[in-house]
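Here the structure comes first, spelled out in structure tokens, and everything after it is commentary.
The values are calculated or read from the model by the stated rules, or taken from the named source; none is laboratory data. Here the structure is a predicted model, which is why all the values come from computation and not from measurement. Neighbour counts are summed over all protein chains in view; Cβ atoms, including those assigned to glycine, are modelled from backbone coordinates with ideal geometry.
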Amino acid sequence: MRNTLPFDGFRTISNRYHGVFHPARMPCKKVPVKILSATSEKRFNRFYHPPPVEEPWSLSSPKKRSGPSPPFFSGIPGPAVLYNGLQFRWKFSHKDKSSLALRSRKGDAKCHRKKEMIKKKPYGANAKEQLKANARDKMYRFLLADDTVRGVFIHGTRMINEMRSNFDLGILETYILGHAYLGCTLMSANLKGKDRISLSIDGTGPAKGLSVEANAYGEVRGFLKKNPIPVKAPLESLNMSPFLGAGMLSVTKILEGMKQPYTGQVALEYGNIAEDLASYYFTSEQTPTVFNLSINFNKEGEVVGAGGLFLQVMPGAPEETDKKIEALLASFPSPGDIAERAENPEEVIQAVFSELTPKLLGSHRVEFFCRCSEKAFSQHLSMLPKKDLAAIANEGPFPVELCCHNCNSTYHFSKEQITEIWKGKKG
Ligand SMILES: [Zn+2]
């Protein structure tokens, strides 16, 4: 069932901050997502019991996850499924670490060549509209309290709308994946050069999990592991916990010059991406961190505002700073509202945190963008075993369709192109 919300406008978490300052003050485990009414929550829970946790996870001793590595960074070729003449899927692992599904499809779709990621245009082809929407999607970095607190604000309405449009996501899917996009973008604020950061969730819930990646250029891409998320009844709230279930949240940093990517993991404790990210920083990096992610939908279920706030107290900061921040956060508007009202985040930061003397460090663009291209996919194809390429080239059907997991761009390859790749392969 396609999820629809019988709501008259929905505001996500407002003035609720997902932060961990001290273990003793860790927020209760109740997921602080607005529930429309007590009855509807009860009814909702009847349908969506989070699956039982198989092992007792604990924050203090996160266990290593068994099973396959996250698809982006495994570096190990996934199991190849043999070509069966009609349809096959093949997980790809490569230096580029992108994953792809390769499927061949019956039909007479026209082969078309695109050089870059194929992005749908939810804002229309009108250049003026495109520019207007783009102008507001930015990440703002700042420091507070004599540089002892690092802050980032992101306005990402356009990014979330473009993500939704490319993957054709419903409200629930947009909400969950959108939170991951906003969270991952906030975490990417300190990256430099070719650094990348990825956020991956593997859960037992019907959404299965997600994988999102951001780089130092403000490019963000990633996918839900199950789209559409199977739901058995119309949604009455956007509590994402039942859909993620029990599982692990991993953050992987690939820093330029580092031999190995660094991965940290925490158990999904809250089933809420903002809170679990705060928990990740507290557990894995012992840094008190606050995340506030919000996506506003209008009555029609369209995303009208998406934003996020990140605050991190650096080691050595006086305890008073923690308390001041906690107090000031209560008056910080919901990032989704700031984005929706097109307010200048720098002015809001200056006004709310004035007693901590904010130091604005400038802003840069953020965008839903994937570096996949037809050329890259043709190189992926050329890495298939020669006998498989021969089978595809001889048996078809054409066009062979390759779909990028990270952005849902689809590239088509004709019989001639496949034959060219096959004949050009050595060995
Ligand atoms: Zn892509």
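Results, tabulated for the structure shown:
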{"quantity": "Evaluation of G178 against (1) over 16 Å from the mean Cα position of the chain (by Cα); (2) under 21 Å from D337 (Cβ atoms) (one fails), failing number", "calculated": "(1)"}
{"quantity": "Inter-residue pairs, beta-carbon under 7 Å, first surrounded by fewer than 21 Cβ atoms within 10 Å (Cβ to Cβ) and in the stretch 249-273, second in a strand (DSSP E or B) and among the charged types (D, E, K, R), 6+ apart", "calculated": "I254/R196; P261/K253; Y262/K253"}
{"quantity": "Condition check for I325: at pLDDT 90 or above and over 22 Å from the mean Cα position of the chain (by Cα)", "calculated": "yes"}
{"quantity": "Odd one out for V352, checked against (1) within 16 Å of the ligand (Cβ to nearest atom); (2) more than 30 Å from N227 (Cα to Cα)", "calculated": "(1)"}
{"quantity": "Conditions (1) of a type in the set (S, T, N, Q); (2) within 16 Å of the ligand (Cβ to nearest atom); (3) assigned by TED's automatic domain parsing to the domain that holds E219: number failed by N344", "calculated": "(2)"}
{"quantity": "In the stretch 319-347, residue surrounded by the most Cβ atoms within 10 Å (Cβ to Cβ) [restricted to those that are free of Cβ contacts under 8 Å to residues at least 60 places away in the same chain and of a type in the set (A, V, I, L, M, F, W, C)]", "calculated": "L328"}
{"quantity": "I392 vs. criteria free of Cβ contacts under 8 Å to residues at least 60 places away in the same chain, under 23 Å from I118 (Cβ atoms) and of a type outside the set (K, R)", "calculated": "no"}
{"quantity": "Filtered residues of the stretch 290-344 (kept if part of a loop (DSSP other than H, G, I, E, B) and hydroxyl-bearing (S, T, Y))", "calculated": "S331, S334"}
{"quantity": "Filtered residue count, the stretch 137-178, keeping only those that are farther than 19 Å from P345 by Cα and either assigned to a helix (DSSP H, G or I) or not assigned by TED's automatic domain parsing to the domain that holds Y217 (or both)", "calculated": "15"}
{"quantity": "Conditions (1) near the ligand (Cβ under 10 Å from one of its atoms); (2) assigned to a loop (DSSP other than H, G, I, E, B): number failed by C403", "calculated": "(2)"}
{"quantity": "Members of the stretch 375-427 that are of a type in the set (A, V, I, L, M), under 32 Å from the mean Cα position of the chain (by Cα) and more than 25 Å from K120 (Cα to Cα)", "calculated": "M383, L384"}
{"quantity": "Any hit, the stretch 184-193, residues being within 13 Å of the chain's Cα centre (by Cα), polar (S, T, N, Q) and in a helix (DSSP H, G or I)", "calculated": "yes"}
{"quantity": "Matching residues, the stretch 370-383, being outside any helix (DSSP H, G or I) and crowded, with 21+ Cβ neighbours inside 10 Å", "calculated": "C370, C372"}
